[in-house]
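Data first, discussion second: the structure below is written as structure tokens.
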Amino acid sequence: MIQVEDLHHGFKGTDILRGVNLRVESAETLVIIGRSGGGKSQLLRLIASLAKPRRGRIFIDRQDWVPLEERTLTPLRKKIGILFQNAALFDSMTVYENVAFPLAISGRNSKRDIRGRVEEALKLVSLEGHGHKKPGEISGGMRKRAGLARAIIDRPSIVLYDEPTAGLDPVIADSINNLILKLSEQFHVTSIVVTHDMVSAYKVADRIGMLYEGKILESGTPAEIQNSQNPVVQKFIQGRSDVLVDI
Amino acid sequence: MNMLLDPIANTAFRFLSELGEWWSLTLETLRSLFTRRPYFREIFTQIYLIGARSQMVVCFTGAFIGMVFCAQIFYQFHKVQMDSGTGPAVSIALARELAPIITGLILAGRVGAAIAAELGTMRVTEQVDALRALAVHPVDYLVVPRTIGLVVSMPMLTAEAILVGIVAAYLVGTQLLGIDGGYFLNNMEKYTKYKDVVAGLMKALAFAWIIVTVSCNKGLTCEEGAEGVGKATMEAVVVSSVAILIANFFITIIFSKLLTP
């Protein structure tokens with residue numbers, strides 16, 4: 001369970017997040033939508049405790065992570081898997097080594113066990129046969145899938161996805177959506193997905209929350225969001241702009 | 001008044017804040033060194049990358065420093081017919097000052113720059129955050145192996161530079177400048193003490209610590225983008241080099257009090 005209370009965060013004196021409140025139940029998938037630069041990725045970083053908020057509290061399984069020090073947080077982060085927007089693969093390692101990293105570093109798994117699980121994870125994201133390549137030798141979409149395999153290989157109870165389908169073709173994007181659903185249904189993973197992709201949002205979400213001007217403006221099931229009377233929400237989900245461009 | 005004081009206050013604030021960051025990384029590294037399980041594979045990789053891969057440049061530089069220093073000393077000593085004093089002068093200077101300083105400056109450029117650039121790139125591409133997200137402390141995985149790598153390699157490289165420098169000086173002195181080989185070696189052995197070599201190797205240890213902590217700190221705190229990585233790399237080399245020269249002066253003074261009977 002994830003609970004965020006009155007979260008404020010920003011840069012150089014300007015708050016991007018101005019009092020975010022949200023709650024994600026166990027095995028639930030919350031999709032956060034909102035305009036670029038609105039602080040969605042920052043919100044994920046704060047939930048993963050990769051940054052400290054200026055104000056507010058973040059409860060992961062009823063424990064407030066905000067006051068905890070880095071050394072205390074380090075082992076706790078095993079609960080969370082993160083798919084970064086640009087995958088953030090270690091460029092000195094191969095795809096295989098990247099995916100194996102969470103298992104290898106813990107020192108608890110045999111080489112045989114690691115090999116089996118890495119091959120399974122690579123198959124899950126359609127990357128079989130690419131394990132020997134370096135991140136620089138594969139496409140952006142493949143890097144993202146490798147990042148996803150790395151995020152989920154140690155079976156975290158919470159997964160945070162930052163733009164999981166951005167830059168992927170519709171078929172691969174749909175396979176990623178199916179994977180998010182599968183993780184939620186079969187392994188009861190609690191998920192927060194940040195995306196602009198409304199097709200993906202409607203498919204994977206149990207609830208959708210719209211982040212607007214630093215707060216969750218509206219939250220509800222995909223059907224509720226689609227039928228929202230709020231003009232800001234409607235404009236976003238329909239992709240309408242008021243700005244006219246003369247050509 | 002403000003126009004004059006503001007830049008000074010800003011510079012002082014920046015200096016103190018960087019000093020604080022460096023100090024807290026130093027403490028965290030020490031804490032990790034003695035309390036955390038080491039990543040042996042990373043440590044051996046760093047010893048190879050830092051130590052083994054730096055040998056050629058250190059030996060090459062040590063040889064030429066030994067040769068040129070031998071020639072300069074010989075030309076001065078020859079004026080007062082003290083040719084046989086060339087050997088000990090070269091070996092003591094190499095052991096106490098030249099080898100540790102030259103090795104330190106070379107490694108600040110070669111290894112310090114590489115560390116700052118690598119960690120800086122990892123930071124701006126979120127690889128350091130990915131490490132943290134995978135429940136690995138960056139100091140344990142990135143800083144400690146590099147620290148051990150440099151602290152183990154630097155004294156060995158310095159010893160190598162001393163040895164190669166002396167051999168090169170001997171060859172130049174005996175084959176080119178006509179110094180008697182027996183006198184050269186006898187006097188060198190007579191006047192070069194164990195403590196001279198110890199002083200040089202202790203300096204090498206201190207310089208290794210300076211290079212690795214400064215470079216890791218610059219890399220891990222670098223600003224966004226390619227410009228940030230470039231700036232961090234440049235600053236790592238400059239700050240390490242200047243710090244080595246300053247530390248050398250104080251270590252020399254302290255050792256002269258401690259090691260002189």
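The values are calculated or read from the model by the stated rules, or taken from the named source; none is laboratory data. Please read these numbers as outputs of a predicted model, since none were measured by experiment. As a convention, Cβ positions derive from the backbone with ideal geometry for all residues, glycine included, and neighbour counts pool all protein chains shown. Accessible surface is based on the protein model in full, side chains and every heavy atom, while ligands, DNA and RNA are left aside. Shrake-Rupley method; radii C 1.70, N 1.55, O 1.52, S 1.80 Å.
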Compute the helix-to-body angle for A:111-124: its Cα long axis versus the longest principal axis of chain A, expressed 0 to 90° and rounded to tens.
40
Once amide H atoms are built 1.01 Å from N in the peptide plane, which residues 5 or more positions from A:I82, or in another chain, come under 5 Å H to H?
A:L160
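Using DSSP H assignments, which helices in chain B have an axial alpha-carbon span of 27 Å or above and a mean Kyte-Doolittle hydropathy of -0.5 or higher?
Membrane-span-like by this criterion, though nothing is claimed about a membrane: B:2-35, B:55-79, B:144-171, B:194-220, B:225-259.
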For chain A, what is the mean residue ellipticity at 222 nm derived from helices alone (per DSSP H run of n ≥ 4: -39500 (n - 2.57); sum divided by total residues; nearest 500 deg cm²/dmol)?
-11000 deg cm²/dmol
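Please list B:S256, B:S241, B:S91 from largest to smallest accessible area, probe radius 1.4 Å, with all protein chains kept in place.
On the way: B:S256 50, B:S241 25, B:S91 0 Å².
Accessible-area ranking of B:S256, B:S241, B:S91, largest first: B:S256, B:S241, B:S91.
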Along the charge dipole of the stretch B:40-255, pointing to its positive end and built from +1/-1 on Cβ of Lys, Arg, Asp and Glu, which listed residue (B:I244, B:H78, B:A99) has its Cα farthest out?
B:H78
Just to verify a number: FRET efficiency for B:R41 and A:T72, C-beta to C-beta distance, R0 = 22 Å, to 0.05?
0.25
The ³J(HN,Hα) series, computed from each phi in the stretch A:217-222 with the Karplus coefficients 6.51, -1.76 and 1.60 at θ = phi - 60°, rounded to the nearest Hz and given as x for glycine or proline, is 6, 8, 9, x, 5, x
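Tell me the relative contact order for the stretch B:116-236 as a rounded percent, counting alpha carbon contacts under 8 Å between residues six or more apart. Mind dumping the intermediate values first?
Working: 91 pairs, mean separation 61.4, N = 121.
Computed over the stretch B:116-236, the figure is 51 percent.
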On a C-alpha basis, how far is the centre of the stretch A:126-160 from the centre of the stretch A:1-71 in Å? Whole number, if you could?
25
Residue span B:L4 to B:Q55: 0.36 nm per residue of separation minus Cα-Cα distance leaves a gain in nm of 13.6 nm
Between A:A223, A:G147, A:V20, whose Cα lies farthest towards the positive end of the dipole of the stretch A:2-238 when Lys and Arg beta carbons carry +1 and Asp and Glu beta carbons carry -1, centred on the Cα centre?
A:G147
Please identify, among B:A133, B:A116, B:A95, the residue showing maximal mean-square fluctuation in a Gaussian network model of chain B using a 10 angstrom Cα cutoff.
B:A133
Starting from the Cα of A:K182, draw a straight line to each of the aspartates and glutamates and keep only those under 16 Å, dropping any in the same chain fewer than 8 residues away.
A:E28, A:E120, A:D154, A:D174, A:D206
Distance between Cα centroids, the stretch B:203-236 to the stretch B:41-88: provide it in whole Å.
26
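Ignore the peptide's own chain and count Cβ atoms of other chains within 10 Å of each Cβ in A:104-111; give me the average, rounded. All intermediate terms of the calculation are to be shown ahead of the outcome.
Values: counts 1, 7, 3, 2, 0, 0, 0, 0.
Counting Cβ atoms of other protein chains within 10 Å of each residue's Cβ and averaging gives 2.
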Non-local amide H neighbours of A:V31 (under 5 Å, H modeled in plane, Pro and chain starts lacking H): which ones?
A:V193, A:D206, A:R207, A:I208, A:G209
Residues of the stretch A:50-65 with amide nitrogen under 19 Å from the 7 Å Cα-to-Cβ point of A:S26?
A:59-65
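Placing unit charges on C-beta atoms (Lys and Arg positive, Asp and Glu negative, everything else neutral), compute the dipole magnitude of the protein assembly as shown about its Cα centre in debye, rounded to 20. It would help to have the intermediate numbers written out before the result.
Working: 53 positive and 48 negative charges, 205 e Å.
Dipole magnitude for the protein assembly as shown comes out near 980 debye.
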Debye, to nearest 20: dipole size of the stretch A:40-114, +1 on Lys, Arg Cβ, -1 on Asp, Glu Cβ:
320
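Hey, can you rank A:222-230, A:107-115, B:21-29 by average C-beta count inside 10 Å, highest first? Show your work: numbers first, answer last.
Details: A:222-230: 14.4, A:107-115: 11.7, B:21-29: 16.0.
Peptide ranking by packing, descending: B:21-29, A:222-230, A:107-115.
If packing is taken as the average number of other Cβ atoms within 10 Å across a peptide's residues, how do A:97-103, A:139-145 rank, most packed first? Walk me through the numbers before you get to the answer.
Working: A:97-103: 23.6, A:139-145: 20.3.
Descending packing order for the listed peptides: A:97-103, A:139-145.
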